[in-house]
Amino acid sequence: MTVLTPERRAARTPGKPTSLFIPELVYFEPDALSYPKGERIMEWVQELRIPYRMTTSHNRITNLPGEGELEQYKIAKRTLVVGVRKTLEFDQSKPSADYAIPIATGCMGHCHYCYLQTTLGAKPYVRVYVNTNDIMTAAKQYIEERAPEITTFEAACTSDPLGLEHITGSLAELIAFMAEEPLGRLRFVTKFQHVEPLLGIAHNHHTRIRFSVNSDYVIRHFEPATARFEERTRAAGQVARAGYPLGFIIAPIIWHDGWQEGYAELLAKLAEELPPEAGKDLTFEMIQHRFTKTAKAVIEKRYPKTKLEMDIDKRKKKWGRWGQNKYVYPDEQQNALREFITERIFEHFPASRIDYFT
Ligand code: 0TT
Ligand code: SF4
């Protein structure tokens, strides 16, 4: 019998729909159970007979199953921690929004290049917060402070919240809340496809749903345990038909053999697969691949066979906001990528807007 590792089990099987994330182990912080969302998640966990434990704080989780750092990392990615968000001070989220709105941290995806690998440290559990009302009250204060300017909130800075929506329902709450805020806007990005619960919400066009897309080469080599391209575009069509503003993030843009064909094909396929409604209010964001020295070391340990190129000699050093230098492509390559993809975007979607290239 073949024993599947959690990573393999979560990986895409050609033709088979990407399934909803079911954690293998759940930790509850005791306070979480005094919130309705915490109670609901407990009922769900018991109904599905998922093993669970109580923990006084996520920092105290020391006895995760699995031997060695690598195995523990994989198990942590299938472990859910249900807790209360204590810090209600929001981080900035340039260039995508004014603030990051914290509803979850961590992700069950296994993208080799993901920055959460370094930002979340050694044990990147999937954490969800049950005190959504506190989070929305804080958001309201940020909106009021900036009035009459519009304030935008990014819900996908530290997680892929759509991949957790069947457990939390938090995006639905934020979408409904933001619909009633004349000066508030929500946005999030995802590599998953389960958008059904969001389709019927009165969103008032105040939430932009974006899908992360890439060339076939990048998706195939670097994005295990996420939805397939066709699943993402089908979901994009559904949200466009539900009247949501739609967007695509092309990230990370990677210079690989045949990148021109790869990115040309990406835009052509998007144009082919999307319904006409999708073109009405459509944005693109472009993020070139970057890494820090710390990230390179971590990625090489966790995905030792990765084909991800991280050769510092081929890169340009860029001063990072958190004091760590990051490595991006030299100007000539950046310009070639930006110009080529921009042309393809406007060739297929002349009425769309490009928010930024970074
Ligand atoms: O390596 C990923 C890069 O992508 C980061 O520099 C952030 C950036 N990014 C991610 C982006 O430009 N647009 C996005 O929509 C993001 C998905 C969300 C985002 C995250 C953002 O726009 N701005 C941010 O500052 N972040 C934060 O960056 C989250 C996390 O704390 C940090 C990681 O560098
Ligand atoms: Fe990271 Fe997004 Fe991939 Fe999840 S889906 S591992 S958050 S890049």
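The values are calculated or read from the model by the stated rules, or taken from the named source; none is laboratory data. Remember, it's a predicted structure, so these values are computed and weren't measured experimentally. Glycine gets a Cβ as well: all are built from the backbone with ideal geometry, and neighbour counts include every protein chain shown. Accessible surface is based on the protein model in full, side chains and every heavy atom, while ligands, DNA and RNA are left aside. Shrake-Rupley method; radii C 1.70, N 1.55, O 1.52, S 1.80 Å.
Things to note:
- Any hit, the stretch 217-233, residues being of a type in the set (F, W, Y) and within 17 Å of G279 (Cα to Cα): no
- Among the conditions (1) open to solvent by less than 30 Å² (accessible area, probe 1.4 Å); (2) farther than 19 Å from L80 by Cα; (3) within 13 Å of the chain's Cα centre (by Cα); (4) of a type outside the set (V, I, T), the only one that F153 does not satisfy is (3).
- Residue that is farthest from ligand 1 (Cβ to nearest atom) [pool: residues in the stretch 87-101 that are out of contact with any Leu (no Cβ under 9 Å at 6 or more places or on another chain) and part of a loop (DSSP other than H, G, I, E, B)]: L88
- Residue list for the stretch 295-317, restricted to those being of a type outside the set (A, V, I, L, M, F, W, C) and over 21 Å from the mean Cα position of the chain (by Cα): E300, K301, P304, K305, K307, E309, D311, D313, K314, R315, K316, K317
- Selection status of N59, in a loop (DSSP other than H, G, I, E, B), open to solvent by 80 Å² or more (accessible area, probe 1.4 Å) and away from ligand 2 (no atom under 16 Å from the Cβ): no
Here's the yes/no breakdown for (1) within 14 Å of ligand 1 (Cβ to nearest atom); (2) open to solvent by 10 Å² or more (accessible area, probe 1.4 Å); (3) under 21 Å from S19 (Cβ atoms):
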| site | (1), (2), (3) |
| --- | --- |
| P161 | yes, no, yes |
| L171 | no, no, yes |
| H194 | no, yes, yes |
| L199 | no, yes, yes |
| I209 | yes, no, yes |
| G237 | no, no, yes |
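- The single condition among (1) in contact (Cβ under 8 Å) with a residue 40 or more places away in the chain; (2) open to solvent by less than 60 Å² (accessible area, probe 1.4 Å); (3) out of contact with any Leu (no Cβ under 8 Å at 6 or more places or on another chain); (4) away from ligand 2 (no atom under 16 Å from the Cβ) that G68 does not meet is (1).
- One residue stands out in the stretch 318-358 among those that are assigned to a strand (DSSP E or B) and touching a residue at least 60 places away in the same chain (Cβ under 8 Å): the one that is nearest to T292 (Cα to Cα), namely F357.
- Residue among Q288, Q324 that alone is within 23 Å of the chain's Cα centre (by Cα) and at pLDDT below 95: Q324
- Of all the residues in the stretch 102-135, those that are among the hydrophobic types (A, V, I, L, M, F, W, C), away from ligand 1 (no atom under 12 Å from the Cβ) and crowded, with 20+ Cβ neighbours inside 10 Å number 7.
- Among the candidates K77, K123, residue that is near ligand 2 (Cβ under 10 Å from one of its atoms), under 21 Å from Y27 (Cβ atoms) and touching a residue at least 60 places away in the same chain (Cβ under 8 Å): K77
- Residue in the stretch 342-350 that is surrounded by 12 or more Cβ atoms within 10 Å (Cβ to Cβ), within 16 Å of ligand 2 (Cβ to nearest atom), of a type in the set (V, I, T) and under 23 Å from the mean Cα position of the chain (by Cα) present: no
Table: residues versus (1) over 22 Å from L267 (Cα atoms); (2) in a loop (DSSP other than H, G, I, E, B); (3) of a type in the set (D, E, K, R).
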{"residue": "L186", "(1), (2), (3)": "yes, no, no"}
{"residue": "A202", "(1), (2), (3)": "yes, yes, no"}
{"residue": "V218", "(1), (2), (3)": "no, no, no"}
{"residue": "P224", "(1), (2), (3)": "no, yes, no"}
{"residue": "G237", "(1), (2), (3)": "no, no, no"}
{"residue": "Y244", "(1), (2), (3)": "no, yes, no"}
{"residue": "I249", "(1), (2), (3)": "no, no, no"}
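- Candidate set from the stretch 221-232 (those that are among the charged types (D, E, K, R) and either out of contact with any helix residue (DSSP H, G or I) (no Cβ under 8 Å at 6 or more places or on another chain) or without any contact (Cβ under 8 Å) to a residue 60 or more places away in the chain (or both)); member that is most open to solvent (accessible area, probe 1.4 Å): E230
- Test: residue in the stretch 212-220 that is buried (at least 17 other Cβ atoms within 10 Å of the Cβ) and farther than 24 Å from L282 by Cα: yes
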